[in-house]
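Visitor: I'd like to ask some things about the structure below.
The values are calculated or read from the model by the stated rules, or taken from the named source; none is laboratory data. Fair warning: this is a prediction, and the values are worked out from it, not measured in the lab. When we count neighbours, we look across all protein chains shown, and the Cβ atoms used for this are built from the backbone with ideal geometry, even at glycine.
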Amino acid sequence: MRNYTVSGVKTSKASSPGQIFLFGEHAVVYGQPALATAIDIRAEARAEPVPNKLFKIRSEGVGQLDAKIKKRNGNWSVCEKKGDIKKLEFVSKAAELTINHVDKAQGLKIFIESGIPLGSGLGSSSAVTTATIAAVSKELGKKLSREKISQLAYETELGVQGAASRTGVSVASYGGFLRVQDENVERLEGLPELDIVIGYTGEYGNTGELVAGVKGLKDSRPALINPIIESIGKTADMGIESLREKNLGKVGVLMNTNQNLLEGLGVSSPDLRDLIAAAREAGARGAKLTGAGGGGCMIALKSKEDRKIYEAIKKEGGEPMQARTGAKGVRF
Ligand code: MEV
């Protein structure tokens, strides 16, 4: 965590990476393994002191919120909120849980800047949440461990969106490549860094609704849906094995298989399908949606014709981004 001064005001700063699921989204909610990795696109949070236990959030391109911090029934609460309450729910909840954990309150102004498109499937909420927790705890005079940041961020996500796996907050906290299964988060060393082309459809997917949709399908047709979920878990473990063998051709085939299985869970979209098809035609080794789906982003594993994939996504109406996997976790 860097502590520095802007115009005479002490500022505590932290940043966290965005992420992609190489394999296993949705199935991970039901105890299957997933492989996710941090990418070199980051979100930054800065916390500054303000007087009178006022609470302010300023999030570039998203909105702003003004509130007060008060003790109610023994707990600190961010209350009397005005402004973009819904859009800034992750930031205010993360700050509130951090204030309660440290059990110390002061007036705070939090600035958020993020290069990760919101709701895009690139883990923007986990990145913003973990960076907020790291910056606020430092501002309150306590440096938290990555484990604690990850735990508080997990509680924030559960509080705001209901069901959530630990994947997003773990990748944002630890970085690198993570195999996530239930409570077990394993950092995998020695996997090759990959060059990925991301295609953003420009639409937002609602993670809570998409997760609930899969649950509805699973509850109504378990005999059909459970094998799909188990097969997604198998693509994750086979994908890890193929990455260890540096067999990127096989990794690509498994990504395509994972996409077909996600189609079976009903979480893809026509725009995602178009971008995935365009990337494959342009020579991608494999392509799939990443994150909750229903819009958001797809990822393509580059072959030699990398620029062709980037251009093909653009031509198809998507917003292409280059990313490298295995980036560092929360920096503070
Ligand atoms: C969302 O980014 C990924 C899901 O698997 C939900 C989760 O893991 O919390 C759909």
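Visitor: From the list Glu230, Glu305, Glu311, which residue is modelled with pLDDT under 95 and out of contact with any Leu (no Cβ under 9 Å at 6 or more places or on another chain)? Give the steps one after another, and end with the answer.
Guide: On the way: Glu230 fails: modelled with pLDDT under 95; Glu311 fails: modelled with pLDDT under 95.
Exactly one residue qualifies, and that residue is Glu305.
Visitor: Checking the condition more than 14 Å from Val128 (Cα to Cα) and of a type in the set (A, V, I, L, M, F, W, C), which residue from Ile57, Ile99 passes?
Guide: Values: Ile57 fails: more than 14 Å from Val128 (Cα to Cα).
Selected residue: Ile99, the only one of Ile57, Ile99 that is more than 14 Å from Val128 (Cα to Cα) and of a type in the set (A, V, I, L, M, F, W, C).
Visitor: Would you mind stating whether Ile85 is farther than 30 Å from Val251 by Cα, touching a residue at least 12 places away in the same chain (Cβ under 8 Å) and assigned to a loop (DSSP other than H, G, I, E, B)?
Guide: When the stated conditions are applied, Ile85 passes them.
Visitor: Among the residues of the range 196-207, which ones are surrounded by 15 or more Cβ atoms within 10 Å (Cβ to Cβ) and either farther than 24 Å from Val267 by Cα or of a type in the set (Gly, Ala, Ser) (or both)?
Guide: If the condition is that a residue be surrounded by 15 or more Cβ atoms within 10 Å (Cβ to Cβ) and either farther than 24 Å from Val267 by Cα or of a type in the set (Gly, Ala, Ser) (or both), then Gly199, Gly205 are the ones that fit.
Visitor: While we're on this one: Look at Glu25 and say whether it is of a type in the set (Asp, Glu) and within 16 Å of the ligand (Cβ to nearest atom).
Guide: On the way: of a type in the set (Asp, Glu): yes; within 16 Å of the ligand (Cβ to nearest atom): yes.
The answer is yes for Glu25.
Visitor: In the range 28-58, how many residues are in contact (Cβ under 8 Å) with a residue 60 or more places away in the chain and either more than 14 Å from the ligand (Cβ to nearest atom) or part of a loop (DSSP other than H, G, I, E, B) (or both)? Spell out the reasoning first.
Guide: Pass one, the range 28-58, residues in contact (Cβ under 8 Å) with a residue 60 or more places away in the chain: 28-49.
Cutting the leftovers down to either more than 14 Å from the ligand (Cβ to nearest atom) or part of a loop (DSSP other than H, G, I, E, B) (or both) gives us 31-33, 40-49.
Qualifying residue count for the region: 13.
Visitor: Condition check: more than 20 Å from Gln19 (Cα to Cα), of a type outside the set (Gly, Ala, Ser) and touching a Gly at 6+ places or on another chain (Cβ under 9 Å). Does Glu203 satisfy that? Before the answer, list the steps.
Guide: Values: more than 20 Å from Gln19 (Cα to Cα): no; of a type outside the set (Gly, Ala, Ser): yes; touching a Gly at 6+ places or on another chain (Cβ under 9 Å): yes.
No.
Visitor: Take the residues in the range 117-131 that are of a type in the set (A, V, I, L, M) and crowded, with 24+ Cβ neighbours inside 10 Å, then tell me which one is nearest to Thr11 (Cα to Cα).
Guide: Filtering the range 117-131 down to residues of a type in the set (A, V, I, L, M) leaves 118, 122, 127-128, 131.
With crowded, with 24+ Cβ neighbours inside 10 Å added as a condition, the list becomes 122, 127-128, 131.
Values: Leu122: 27, Ala127: 19, Val128: 17, Ala131: 13 Å.
Per the stated criteria, the residue is Ala131.
Visitor: When only residues in the range 93-132 that are part of a helix (DSSP H, G or I) and of a type in the set (D, E, K, R) count, which is nearest to the ligand (Cβ to nearest atom)?
Guide: Pass one, the range 93-132, residues part of a helix (DSSP H, G or I): 93-102, 124-132.
Applying the additional criterion that residues be of a type in the set (D, E, K, R) yields 93, 96.
On the way: Lys93: 16, Glu96: 21 Å.
Ranking the candidates gives Lys93 first.
Visitor: Sticking with this structure for a sec: Within the range 138-151, identify whether any single residue is within 16 Å of the ligand (Cβ to nearest atom) and either within 17 Å of the chain's Cα centre (by Cα) or over 26 Å from Lys87 (Cβ atoms) (or both), and answer yes or no.
Guide: Applying the first criterion (within 16 Å of the ligand (Cβ to nearest atom)) to the range 138-151 yields 150-151.
Imposing the further condition that a residue be either within 17 Å of the chain's Cα centre (by Cα) or over 26 Å from Lys87 (Cβ atoms) (or both) reduces the set to 150-151.
Looking through the range 138-151, at least one residue is within 16 Å of the ligand (Cβ to nearest atom) and either within 17 Å of the chain's Cα centre (by Cα) or over 26 Å from Lys87 (Cβ atoms) (or both).
Visitor: If the Cβ limit is 6 Å and pairs must be 6+ apart or interchain, which residue in the range 152-173 that is closer than 20 Å to Ile39 by Cα pairs with which residue that is more than 10 Å from the ligand (Cβ to nearest atom) and part of a loop (DSSP other than H, G, I, E, B)?
Guide: Within 6 Å, the pairs are Ser173/Gly329; Ser173/Val330.
Visitor: Quick check on Ala67: is it crowded, with 18+ Cβ neighbours inside 10 Å and at pLDDT 95 or above? Reasoning before the result, please.
Guide: Details: crowded, with 18+ Cβ neighbours inside 10 Å: yes; at pLDDT 95 or above: yes.
Here the answer is yes, as Ala67 does meet what is asked.
Visitor: Among the residues in the range 159-168, are any surrounded by fewer than 21 Cβ atoms within 10 Å (Cβ to Cβ), within 11 Å of the ligand (Cβ to nearest atom) and among the small types (Gly, Ala, Ser)? First the steps, then the outcome.
Guide: So the first thing to find is which residues in the range 159-168 are surrounded by fewer than 21 Cβ atoms within 10 Å (Cβ to Cβ), and the list is 159-163.
Add one more test, that the residue is within 11 Å of the ligand (Cβ to nearest atom), and what stays is 161-163.
Checking the rest, the ones that are also among the small types (Gly, Ala, Ser) come to 162-163.
The answer is yes, given that some residue of the range 159-168 is surrounded by fewer than 21 Cβ atoms within 10 Å (Cβ to Cβ), within 11 Å of the ligand (Cβ to nearest atom) and among the small types (Gly, Ala, Ser).
Visitor: Between a first residue in the range 253-269 that is under 19 Å from Leu301 (Cα atoms) and a second residue that is in a loop (DSSP other than H, G, I, E, B) and of a type in the set (A, V, I, L, M, F, W, C), which pairs have beta carbons less than 8 Å apart while being 6 or more apart in sequence or on different chains?
Guide: Nothing qualifies.
Visitor: Answer yes if at least one residue in the range 232-243 is farther than 27 Å from Ala282 by Cβ, within 14 Å of the ligand (Cβ to nearest atom) and in contact (Cβ under 8 Å) with a residue 12 or more places away in the chain, and no otherwise.
Guide: Within the range 232-243, one or more residues are farther than 27 Å from Ala282 by Cβ, within 14 Å of the ligand (Cβ to nearest atom) and in contact (Cβ under 8 Å) with a residue 12 or more places away in the chain.
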